[in-house]
């Protein structure tokens, strides 16, 4: 099983990341909505437990969330209303061809695949969900800053479980090894994310008929600085078919 299918469907994933900043996410989307129109159909790819999808729906947008993890989608459905559609879905397959005005891929939900070819095929598939002149917004970590300031080891205790985390760079990937014990049983998971740079994304997006229109460096949409920015947030527009 691929690491992300196993880890993201684990209850321990949700325990480790339970303290993600919802307020920061809401502020980010409140600013980001300047790229949306009220009538837009919005697809949140790799939506997790649906915090972005639900918040945008509460603002009046038509939102759909898809994720590979059954547990995440179950949580999303429990928190949402019947106006939002959530589906268990693999982003490597087209969900609804040319149906959406906006596609979101937030909180570093790309770069999990082993080969460059798979990344190119996946971004092309994601693009196929967009209408002509629709927009894709990708929120990714700034790999250059992560690598320069790599925290090699740390320990976190959440819900009575102590997570021992070790990080390293290997063959162009940022690896995050997570070990812990629960009820006397030892567990280990490893996150593996490609250290994609802006230049890598431009190549990927152009391949998928997407042109970069905006680049930001944080959730307040400040200018992207390759060395100092925390995030790499890209807005790209799908070329109109001839």
Residues satisfying the stated conditions in segment 98-107, i.e. modelled with pLDDT of 95 or more and on the phi > 0 side of the Ramachandran plot: 98
Any hit, segment 143-152, residues being within 21 Å of residue 50 (Cβ to Cβ) and either surrounded by 21 or more Cβ atoms within 10 Å (Cβ to Cβ) or in contact with a strand residue (DSSP E or B) (Cβ under 9 Å, 6 or more places away or on another chain) (or both): no
Total residues in segment 70-99, condition under 18 Å from residue 48 (Cβ atoms), surrounded by 15 or more Cβ atoms within 10 Å (Cβ to Cβ) and in contact (Cβ under 8 Å) with a residue 40 or more places away in the chain: 5
Residue check for residue 192: closer than 21 Å to residue 5 by Cα, in contact with a strand residue (DSSP E or B) (Cβ under 8 Å, 6 or more places away or on another chain) and surrounded by fewer than 12 Cβ atoms within 10 Å (Cβ to Cβ): no
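Just give me the residues in segment 214-233 being in a strand (DSSP E or B) and farther than 13 Å from residue 143 by Cβ, in sequence order.
Our first condition is that a residue be in a strand (DSSP E or B); within segment 214-233, this holds for 214-216, 223, 231-233.
Residues satisfying the conditions are 214, 215, 216, 223, 233.
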Residues being part of a strand (DSSP E or B), under 21 Å from the mean Cα position of the chain (by Cα) and under 30 Å from residue 34 (Cβ atoms) - total across segment 131-181: 9
Qualifying residue in segment 119-128 (condition: outside the structural domain of residue 170 (by TED's automatic domain parsing), touching a strand residue (DSSP E or B) at 6+ places or on another chain (Cβ under 7 Å), under 30 Å from residue 180 (Cα atoms) and in contact (Cβ under 8 Å) with a residue 24 or more places away in the chain): no
Answer residue from segment 182-213, given it is assigned to a strand (DSSP E or B) and free of Cβ contacts under 8 Å to residues at least 40 places away in the same chain and is nearest to residue 31 (Cα to Cα) among those: 212
Which numbered condition residue 150 misses (of (1) under 22 Å from residue 8 (Cβ atoms); (2) outside the structural domain of residue 66 (by TED's automatic domain parsing)): (1)
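Scan 221, 204, 196 and give me the residue that is farther than 27 Å from residue 114 by Cα, at pLDDT 95 or above and within 20 Å of the chain's Cα centre (by Cα).
Numbers: 204 fails: farther than 27 Å from residue 114 by Cα; 196 fails: farther than 27 Å from residue 114 by Cα.
The unique qualifying residue is 221.
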Among residues of segment 10-42, those that are closer than 26 Å to residue 177 by Cα, modelled with pLDDT of 90 or more and in contact with a helix residue (DSSP H, G or I) (Cβ under 8 Å, 6 or more places away or on another chain), counted: 3
Meets criteria (surrounded by 22 or more Cβ atoms within 10 Å (Cβ to Cβ), within 17 Å of the chain's Cα centre (by Cα) and closer than 26 Å to residue 174 by Cβ) for residue 67: yes
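Taking the options 123, 138, name whichever one is at pLDDT 95 or above, buried (at least 18 other Cβ atoms within 10 Å of the Cβ) and touching a helix residue (DSSP H, G or I) at 6+ places or on another chain (Cβ under 6 Å). Working first, answer last.
Values: 138 fails: touching a helix residue (DSSP H, G or I) at 6+ places or on another chain (Cβ under 6 Å).
After ruling out the rest, the residue left standing is 123.
The values are calculated or read from the model by the stated rules, or taken from the named source; none is laboratory data. Being a predicted model, the structure only gives us computed values, none of them experimental. Cβ sites come from the backbone with ideal geometry, for glycine too, and all protein chains shown count toward neighbours.
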